[in-house]
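As structure tokens, the structure follows; a few thoughts come after it.
The values are calculated or read from the model by the stated rules, or taken from the named source; none is laboratory data. Just so you know, these numbers come straight off a predicted model, no measurement behind them. Here the Cβ is made from the backbone with ideal geometry for all residues, glycine too, and neighbour counts use every protein chain on show. For accessibility, only protein heavy atoms count, side chains too; no ligands or nucleic acids. Shrake-Rupley method; radii C 1.70, N 1.55, O 1.52, S 1.80 Å.
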Amino acid sequence: MSQQLPEFIDPFHQADKRGQLRGHLAVKNLRRLTDILYSNEGDIAVLMIFGKEGKQAFCELSLEGTVCLKCQNCLESIEFKINTMTILGMVNSFEQADKLSDEYEPLLIKDEKVLLNDMIEDELLLLIPVFPKHTHCKFESLSSSSLIRPALNETTVIKENPFAILSNLKKTENNNGSTEK
Ligand SMILES: [Zn+2]
């Protein structure tokens, strides 16, 4: 099987034919990560297995690799290992996303063609902290807890990633049916 990932995919079509895509994505092509990368070398192994459960189209997305992040305190490198599998449930609207069962993370699809790079970047941005720091750097100098805190959850909001917001909404709903709102 080719190790070359297509630039665009049609996720619903892939789901219909239960397609599989496998390949590598160069870290240097992940433009939205540039600011927090120490080095843009290396690549991420990508495996996508599409399918349908009843009417629900989904994609099992596995990502594996290491990115070299820049510590936001000492500006030295931090290795960040990625080894994750997410089941994306494809939806056309926020309404559909709301109805999606817990096992899926919503993947909002607006066009037939989806830029694969974008899709993978969205996933990686959910995983990678916006303000990466060495463990030992967390306790040094700056010490303002507000600088340290924006880790995973706020990452998603800061980046205004629609999928992140969707999944946050979903989590809030699922976790605390009645608190706050
Ligand atoms: Zn550091």
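The table below lists the values:
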{"item": "Rounded to the nearest 10 Å², the accessible area of Thr66 at probe 1.4 Å", "result": "50"}
{"item": "Net charge dipole size for segment 1-126 [Lys, Arg +1 and Asp, Glu -1 on Cβ; Debye, nearest 20]", "result": "260"}
{"item": "Gain in span if fully extended, His134 to Asn92, counting 0.36 nm per residue against the direct Cα distance", "result": "11.2 nm"}
{"item": "Label-to-label distance, nm, for residues given as Glu103 and Asp16 (7 Å Cα→Cβ offset)", "result": "2.4"}
{"item": "Förster-model FRET efficiency, 22 Å R0, Cys74 and Glu41, C-beta, rounded to 0.05", "result": "0.65"}
